[in-house]
Amino acid sequence: MSLAQSISKREHSDDLLQSNKRQQTDLKSRKFENDLPMIGQLVNLIPGKECTYDITNKEITTIGRSRSCDITLNEPDISTVHCELNLINMEIDGIHRSLINIVDKSRNGTFINGSRLVKKDCILKNGDRIVFGKTFSFLFKYCSVFEEANNINADTESTNHEVSANLSPITDETGVFKKPQFSFTSSQSALKKQARQKPISVFDKYLLGKELGAGHYAVVKDGTNKHTGQAVAIKIFHPQQNDDQKKSKQFREETNILMRIHHPNIVNLLDSYVEPISKSQIQKYLVLEKIVDGELFERIVKKTCLRQDETKAIFKQILTGLRYLHNQNIIHRDIKPENILLNITRRTSPEQLQLGPWDEGEIDIQVKIADFGLAKFTGEMQFTNTLCGTPSYVAPEVLTKTGYTSKVDMWSAGVILYVCLCGFPPFSDQLGPPSLKEQILQAKYAFYTPYWDNIDDSILHLISHLLVLDADKRYSVNEVFEHAWLKDSTAQKDVIKDMKRLQLGNGQLPKTYSEMSCL
């Protein structure tokens with residue numbers, strides 16, 4: 001054997017040795033990665049190319065055309081490194097969660113649920129559809145939809161699970177609200193067990209559908225429970241910063257109590273979730289009982305105004321719901337026709353008997369108070385002074401920020417009663433001067449002719465005791481139930497004789513809701 005042949009043979013042997021070492025290193029690396037716990041999966045949705053890629057508990061998982069990527073997608077429209085899946089750990093609503101943040105690195109784009117990643121990254125949710133270029137389409141899912149519950153603090157446990165509010169009336173002899181009482185019904189270990197069983201994401205349990213409505217603070221979407229098929233409404237609040245611990249704690253405490261409120265005249269809160277949408281922002285979700293027959297506002301607009309017997313039947317149910325809330329130390333603070341929803345049982349045959357003074361095609365109507373976005377628990381404090389509510393329905397003490405009680409809901413109930421019977425509100429800019437605010441601050445309103453000519457005087461008497469400037473003299477919900485009109489007895493004539501029909505100086509007649517909706 002020549003010297004050249006000997007050298008060549010030795011170099012070849014060295015190359016084989018290095019190759020074997022590289023393969024062993026690669027196998028060890030792959031074995032180590034396989035030993036890592038799995039966080040999620042990518043399921044290929046392209047017919048004929050069915051496969052699943054596991055996403056392990058690795059700090060960065062790369063996806064691209066390069067063989068050095070953790071997941072190799074060998075197509076021309078895939079970039080060398082198309083995207084990265086970054087493992088991030090966040091504390092959401094007091095719970096530690098491991099999540100995947102996808103970062104786009106491509107030329108042809110990474111698309112999440114049909115939208116290109118404009119800001120180059122987002123946190124993935126269960127059920128997200130991910131498209132790389134024009135070739136690959138994947139469904140992303142986390143491996144476990146259940147709570148690990150390793151980091152749940154005692155406060156969260158005591159409010160989120162098995163803590164029941166004392167639902168008896170919470171007032172003392174002075175009428176001052178007391179702080180809601182709680183009682184523990186299970187051990188701490190049982191709490192942790194239940195915490196592990198609760199889905200950590202709204203997307204684990206519900207399918208979100210079309211938008212049903214939108215407001216200043218949130219949008220409401222159609223939803224379906226994946227397990228039961230139950231139709232729900234999902235209220236999605238606008239994003240907020242994750243580091244606002246005070247707001248997060250308040251949201252958690254209030255929703256936990258509201259989820260324990262069950263009454264036939266109140267929309268039930270079924271679930272609440274906090275979802276991360278980026279490293280710094282979160283989004284809150286409320287899952288609500290779905291009411292399909294519209295708002296009281298829409299009924300008034302359609303009919304111009306409601307009959308007196310129909311109004312009484314609806315108003316009684318509103319008062320029943322308010323009495324329940326006030327007994328639980330809850331002020332709604334935004335009572336208005338748009339937040340009064342209706343469940344209508346419709347007639348299917350002429351033989352069916354009506355259960356109330358409803359329209360010909362209706363058997364019964366169940367009233368549901370909705371939208372607790374402004375609901376407030378007063379606790380041991382008798383007053384609260386946040387400016388909130390809807391302008392035409394807000395009580396004067398809210399505008400002056402002098403502190404208020406549950407009587408603000410009674411003012412709003414008086415406005416609703418007025419609107420139902422004549423079709424327009426007692427306070428509006430259209431009636432100015434003075435301005436809407438000044439009309440409310442002066443409790444200046446009128447019973448206009450001809451709208452009120454045929455309305456029972458006892459109703460005027462009730463309204464005049466609800467739209468009272470001094471909250472201490474304003475009727476409470478229990479006093480309203482004792483009123484002659486609601487007790488179906490004759491009103492006291494000596495009181496009614498002194499009632500004068502108030503008229504504003506300019507003599508303008510307001511437009512009804514139906515007329516205003518046509519403008």
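Annotations
- Annotation: of all residues in region 235-252 being part of a loop (DSSP other than H, G, I, E, B) and at pLDDT 70 or above, the one that is farthest from the chain's Cα centre (by Cα) is Pro239.
- Inside region 44-66, residues that are at pLDDT 90 or above, hydrophobic (A, V, I, L, M, F, W, C) and surrounded by 14 or more Cβ atoms within 10 Å (Cβ to Cβ) make up a count of 2.
- Ala154 being surrounded by 15 or more Cβ atoms within 10 Å (Cβ to Cβ) and modelled with pLDDT under 90: no
- Complete set of residues in region 191-232 that are at pLDDT below 70 and surrounded by 14 or more Cβ atoms within 10 Å (Cβ to Cβ): Leu191, Lys192, Gln194, Ala195, Arg196, Lys198, Pro199
- Filter result for Ile261 (in contact with a Phe, Trp or Tyr (Cβ under 9 Å, 6 or more places away or on another chain) and of a type in the set (Val, Ile, Thr)): yes
Yes or no, residue by residue, for (1) in contact (Cβ under 8 Å) with a residue 12 or more places away in the chain; (2) outside the structural domain of Glu275 (by TED's automatic domain parsing); (3) in a strand (DSSP E or B):
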site: Gly48; (1), (2), (3): no, yes, no
site: Lys58; (1), (2), (3): yes, yes, no
site: Ser68; (1), (2), (3): no, yes, no
site: Leu99; (1), (2), (3): yes, yes, yes
site: Val103; (1), (2), (3): yes, yes, yes
site: Ser106; (1), (2), (3): yes, yes, no
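- For region 258-287, filtering for residues that are assigned to a strand (DSSP E or B) and either at positive phi or surrounded by 17 or more Cβ atoms within 10 Å (Cβ to Cβ) (or both) leaves 15.
- Helices (runs of 4 or more DSSP H) wholly inside region 416-514 containing at least 2 residues that are surrounded by 14 or more Cβ atoms within 10 Å (Cβ to Cβ) and at pLDDT 95 or above: 457-464, 477-481
- Selection within region 387-415 - of a type in the set (Val, Ile, Thr) and either modelled with pLDDT of 95 or more or touching a Gly at 6+ places or on another chain (Cβ under 7 Å) (or both): Val398, Val415
Every residue, every condition in (1) over 30 Å from Glu254 (Cα atoms); (2) at pLDDT below 85; (3) buried (at least 18 other Cβ atoms within 10 Å of the Cβ), yes or no:
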| residue | (1), (2), (3) |
| --- | --- |
| Leu99 | no, no, yes |
| Arg107 | yes, no, no |
| Cys122 | no, no, yes |
| Phe140 | yes, no, yes |
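The values are calculated or read from the model by the stated rules, or taken from the named source; none is laboratory data. What you are looking at is a predicted structure, and each value in this text was computed from that prediction instead of being measured. Backbone-built Cβ (ideal geometry, glycine too); neighbour counts: all protein chains shown.
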